[in-house]
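The values are calculated or read from the model by the stated rules, or taken from the named source; none is laboratory data. Computed from a predicted model, the values in this text were never measured in an experiment. Here the Cβ positions follow ideal geometry from the backbone for every residue, glycine too, while neighbour counts run over all protein chains shown.
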Amino acid sequence: MVTLYQNKIQEQLHMMMKMANANTSFISVSEKTDSIDPLRFFHLGEEFSLGHRFFWSDSANEAVYVGLGCTYSIEVSHYENRFMEVEHEWKRFIEQVLFDQKGRGPLLFGGFSFDPLKPKTRRWVNFPEAKMIIPMMLLSVVKGESSITITIPTKNNKEELRRIEQILTLLQQEKVASYEHYATCVKFLEIEKDEWMAAVAKATSDIQSGELGKVVLAREARLSFDQRINSAVVLHRLREQQPYSYVFAFENGNDCFLGASPEQLVKKEGDVCYSTCLAGSIKRGRTLNEDEKLGNWLLQDKKNLHEHQFVVDMIRTAMMEVCDEVVIPNKPSLLKMRDIQHLYTPVKGFSHQPISLLSLVERLHPTPALGGTPRDKALKKIREIEPLDRGWYAAPIGWIDANGNGEFAVAIRSGLLQGKEASIFAGCGVVGDSDPISEYEETRVKFKPMLSALGGEGYE
C-alpha cells in the first residue's frame with residue numbers, strides 16, 4: 001500500500017511539473033495513504049535533520065497534522081501589522097502554487113509572540129514575532145483518514161525530491177518508534193520566584209486602587225537533563241496524559257516549543273467561528289468525592305467567576321463585531337483535565353460576510369485569561385513588573401488552509417526545549433483579592449502537565 005501511494009505521489013509530482021507555467025513557483029500534490037503513526041512521521045524529520053518540524057492535534061483528536069521540512073517561510077520580526085502581513089504573504093503564496101483542487105492543498109502552520117513590545121532575551125532567539133511555514137511534507141489524519149501532501153518549488157528541487165523519496169521509502173518499513181524517555185532531569189530551578197511573588201503583590205495593590213481590573217502574571221522554571229531531550233518522546237507523553245488538549249510543537253533549528261493546551265483561541269469553518277472562554281481554575285481531587293467538591297467550589301467562587309466573566313465579556317464583544325449572531329451559555333461549566341479543572345464557556349458565532357481567520361486571532365489575542373483587562377493597561381503592567389520574556393508562551397499557535405479555514409490555540413501548559421535544558425511556563429490571573437501564596441500554588445499546578453511529560457514529576 002505504501003509503495004502504491006509512493007508511486008502515485010511521484011507520478012502526480014511529475015505531471016504537475018509539466019503543467020506548471022511561468023507564474024507557478026510551487027506545486028503541491030496530495031494522496032490518501034494507509035495508516036501512519038503521526039509521531040513516527042514527526043521523528044523521521046529528526047533523522048533527516050530538516051530543521052523545521054511541527055505537530056498539531058486538536059482537543060477532540062479529530063485532526064492531526066505533522067509537517068516536515070520547510071518549503072516556504074513567512075517571518076515577521078517587527079510588531080506592526082504582523083497578523084495582516086502573514087495573511088498577505090499567505091495569499092500571495094497561494095497565487096503562486098499549483099495544486100490539485102480535489103486534495104487539501106498546502107497548509108500554513110506556526111505562531112506569534114505574546115507581546116512584541118516586551119524586551120527580548122536570548123531564550124527566544126529562534127522564535128520571532130511571527131513565523132509560519134509551509135512544510136515540504138505534510139501528514140494529515142482527519143477523522144481517521146490519512147493523506148500526505150507534498151509542496152515543493154517547481155525549479156531546483158532535486159534535493160527536496162531526493163529527501164521525499166527517502167522518507168517515503170522509510171515509511172514502508174514496519175519499524176515502530178520507541179517513545180521511552182531516556183533523558184533524566186538532574187536540576188530544577190524556579191526563575192526569579194521572589195520577584196514574581198512581589199509582582200503579584202504589586203498588581204493586587206494596583207487593582208485595589210482602581211488602576212485596572214485584572215492582570216495575568218506568568219513565571220518560568222528551568223530544568224536540566226543528563227542528555228538531549230527528545231521532543232517526540234515528550235509529545236508522546238503529552239498525547240497520552242492530556243488527551244483532551246491541543247497538543248502542539250513547533251521546531252525551529254535546535255529549539256522546539258511544545259505543549260498541551262486546553263484553550264482554543266479561535267476556529268473558523270466556513271461561516272462559523274468558535275472560541276472558548278477559559279479562566280478560573282483549581283486542582284483535581286485525589287478522590288471522586290474530593291474532585292466534585294473542588295469543582296462545585298470553583299463554580300461558586302466569586303473571585304474565579306469574576307475573573308471568568310472578564311473573558312466572556314471580551315470575547316462576546318469581539319465576536320459580535322464581526323458575526324451576525326453569537327451564541328454563549330448563561331453560566332460556565334467545568335472542563336476537567338488530568339491535573340486541573342477550569343471554568344469553561346464555549347462561544348459560537350455565525351457570519352454571512354467574509355471573515356479573515358488571522359483578523360480574528362488579532363482581535364482576540366490576548367484574551368483577559370492571558371493578559372488582563374483593560375487589555376492595554378494590563379499589557380503595560382505586565383511589561384513593567386513581570387520578570388519574564390514570554391516569547392511564544394500564552395500566544396496564538398495554529399494553522400490555516402488554502403481556503404482560509406483553520407484553528408489557533410493559546411500556547412499555555414507549554415515548554416521550550418533547548419538541547420539538554422527546558423523552560424516551562426505557567427501564569428495566573430491576579431485580581432483585587434488575590435493572595436501571592438495562593439497564586440504561586442496555582443502556577444505549581446499548571447506546571448504539572450509539562451513536568452510530567454518531561455519526566456520531572458519529583459519536582460512538583
Checklist entry - When you go through ALA279, ALA221, ALA199 one by one, which is the residue that is crowded, with 22+ Cβ neighbours inside 10 Å, of a type in the set (A, V, I, L, M), modelled with pLDDT under 95 and in the same structural domain as THR317 (by TED's automatic domain parsing)? => result ALA279
Checklist entry - Can you name every residue in region 185-194 that is touching a strand residue (DSSP E or B) at 6+ places or on another chain (Cβ under 9 Å) and more than 15 Å from CYS428 (Cα to Cα)? => result CYS185, VAL186, LYS187, PHE188, LEU189, GLU190, ILE191, GLU192
Checklist entry - What residue, of GLN353, GLN309, is polar (S, T, N, Q) and either part of a loop (DSSP other than H, G, I, E, B) or touching a Ser or Thr at 6+ places or on another chain (Cβ under 8 Å) (or both)? => result GLN353
Item to check | Residue count, region 41-81 (criterion: part of a helix (DSSP H, G or I) and surrounded by fewer than 20 Cβ atoms within 10 Å (Cβ to Cβ)) | outcome: 2
Checklist entry - Taking the condition at pLDDT 85 or above and closer than 28 Å to ASP255 by Cβ, does LEU50 pass? => result no
Checklist entry - What residue, among those in region 112-128 that are of a type in the set (A, V, I, L, M, F, W, C) and not in a loop (DSSP other than H, G, I, E, B), is surrounded by the most Cβ atoms within 10 Å (Cβ to Cβ)? => result PHE112
Checklist entry - Since GLU190 meets every condition but one in (1) farther than 30 Å from GLU386 by Cβ; (2) surrounded by 13 or more Cβ atoms within 10 Å (Cβ to Cβ), which condition does it not meet? => result (1)
Checklist entry - Would a scan of region 273-289 turn up a residue that is in contact with a Cys (Cβ under 9 Å, 6 or more places away or on another chain) and of a type outside the set (Ser, Thr, Tyr)? => result yes
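Return yes or no: is TYR459 closer than 22 Å to GLN241 by Cα and at pLDDT below 95?
Judged against the criteria, TYR459 is a match.
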Item to check | Meets criteria (touching a helix residue (DSSP H, G or I) at 6+ places or on another chain (Cβ under 8 Å), surrounded by 15 or more Cβ atoms within 10 Å (Cβ to Cβ) and either among the hydroxyl-bearing types (Ser, Thr, Tyr) or outside any strand (DSSP E or B) (or both)) for LEU238 | outcome: yes
Next on the checklist: What are the pairs with Cβ atoms under 8 angstrom where one residue, in region 203-226, is over 18 Å from LEU379 (Cβ atoms) and the other, located anywhere, is acidic (Asp, Glu) and outside any strand (DSSP E or B)? Sequence gap at least six, or different chains.
Outcome noted: GLU220/GLU192
Next on the checklist: Would you confirm, using the coordinates I've provided, whether GLY285 is over 22 Å from GLU362 (Cβ atoms) and not assigned by TED's automatic domain parsing to the domain that holds GLU220?
Outcome noted: no
Item to check | Extreme residue, nearest to TRP124 (Cα to Cα), among residues of region 391-403 that are touching a Leu at 6+ places or on another chain (Cβ under 9 Å) and assigned to a loop (DSSP other than H, G, I, E, B) | outcome: GLY391
